[in-house]
Amino acid sequence: MNILRPFLSLDRSQHMKYKRILLKLSGEALQGSSKSTNIDPKVLEQYCEEIKAIRDLGVEIAIVIGGGNIFRGGQAEALGIDRVQGDYMGMLATVINAMALQSSLERHGLYTRLMAGIKMEQVCEPFIRRRAIRHLEKGRIVIFGAGIGNPYFTTDSTASLRAVEVQADVVLKGTRVDGVYTQDPEKYPDAVRYATLSFQEAYEKGLNIMDMTAFTLCKENKLPIIVFDMNKKGNLLKVVQGEPAGTLIS
């Protein structure tokens, strides 16, 4: 194993518009189109190939992944489960997805660290801001699981908070659509996609980009958000290079 590899690759990041990113992935997207299993190995493989492509170019990568393919905190009430308990169950679901992603990334020869908002030392490191930044500086991909460790916060909020904490240049929200539209493009074929938006415009138009806590955190810290189609091959690389492949909110 060449311990110099992470350091040597960082020089190439000068060709990227964004050198340190926070990638927010949907847990439900891991199911694939068939939704016959919680984690579709083809989707996991595709995500890892996309992530490897930008890591090999020196981009520093932090990742937050949801847990909706396994359990969502919002399901708790329907099941007769206390809301707080349900949120903690959802946090554990994100750790399962994070472990699957970590294993797959390492199989692709990438260095990773899994950090969680809840202590579970046998599985992952506790989140410590300075340690997370150091991992990124060393070229390791840092995956954040278990949300921020508290109920009533979504993984969108986790993504925004962790991005601010590790001083990321941008939050990249990978979805199954290629940006933010005037209406839901899956329901309304005549919906128009926005190329760029200001935070104020997005708020005034009532566009559902992130939950309000996450959105406000990005706005107050002048942290841009890009919503793009993670399922289209090569899109992640285009976004990091600054090419128009989604909607930029800044």
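The values are calculated or read from the model by the stated rules, or taken from the named source; none is laboratory data. None of the values given here were measured: they were computed from a predicted structure. Ideal geometry is used to build each Cβ from the backbone, glycine not excepted, and the neighbour counts take in all protein chains shown. Side chains are part of the model used for accessible areas, which takes the heavy atoms of the whole protein and leaves out ligands, DNA and RNA. Shrake-Rupley method; radii C 1.70, N 1.55, O 1.52, S 1.80 Å.
I'm trying to understand the selection: among the residues of segment 48-67, which are hydrophobic (A, V, I, L, M, F, W, C) and either over 17 Å from the mean Cα position of the chain (by Cα) or open to solvent by 60 Å² or more (accessible area, probe 1.4 Å) (or both)?
Once the filter is applied, which keeps residues that are hydrophobic (A, V, I, L, M, F, W, C) and either over 17 Å from the mean Cα position of the chain (by Cα) or open to solvent by 60 Å² or more (accessible area, probe 1.4 Å) (or both), segment 48-67 yields only Leu57.
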inquiry  = Being under 18 Å from Leu23 (Cβ atoms) and over 17 Å from the mean Cα position of the chain (by Cα) is the filter here; which residues of segment 68-109 pass it?
reply    = Glu106, His108
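Say we look at segment 1-47 and pick out the residues that are of a type in the set (Gly, Ala, Ser) and loosely packed, with under 12 Cβ neighbours inside 10 Å; which of these is modelled with the highest pLDDT?
Ser33
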query = Which one is modelled with the lowest pLDDT, of the residues in segment 170-197 that are open to solvent by 20 Å² or more (accessible area, probe 1.4 Å) and touching a helix residue (DSSP H, G or I) at 6+ places or on another chain (Cβ under 9 Å)?
reply = Arg176
request  = Give the number of residues within segment 66-119 that are among the aromatic types (Phe, Trp, Tyr) and either outside any loop (DSSP other than H, G, I, E, B) or more than 22 Å from Leu172 (Cβ to Cβ) (or both).
outcome  = 2
message = I need a count of the residues in segment 235-250 that are closer than 15 Å to Val59 by Cα, more than 15 Å from the chain's Cα centre (by Cα) and of a type outside the set (D, E, K, R).
response = 2
task = Can you run down the residue pairs with Cβ atoms below 6 Å, 6 or more apart or on separate chains, where the first is in segment 201-216 and under 17 Å from Thr154 (Cβ atoms) and the partner is in a loop (DSSP other than H, G, I, E, B) and open to solvent by 50 Å² or more (accessible area, probe 1.4 Å)?
result = Asp211/Thr154
ask   = Are there any pairs with C-beta distances below 8 angstrom linking a residue in segment 47-71 that is polar (S, T, N, Q) to a residue that is open to solvent by less than 10 Å² (accessible area, probe 1.4 Å), with the two at least 6 apart or on different chains, and if so which?
value = Asn69/Gly27; Asn69/Leu30; Asn69/Ala93; Asn69/Asn97
request  = Give segment 79-105 a look and list any residue that's modelled with pLDDT of 95 or more, small (Gly, Ala, Ser) and open to solvent by 60 Å² or more (accessible area, probe 1.4 Å), or say none.
outcome  = Ser103
message = Show me the helices (runs of 4 or more DSSP H) entirely contained within segment 131-250 in which 3 or more residues are under 16 Å from Ile65 (Cα atoms).
response = 155-165
ask   = Has segment 69-78 got any residue that is open to solvent by 40 Å² or more (accessible area, probe 1.4 Å), in contact with a Lys or Arg (Cβ under 8 Å, 6 or more places away or on another chain), among the acidic types (Asp, Glu) and within 19 Å of Asp211 (Cβ to Cβ)?
value = yes
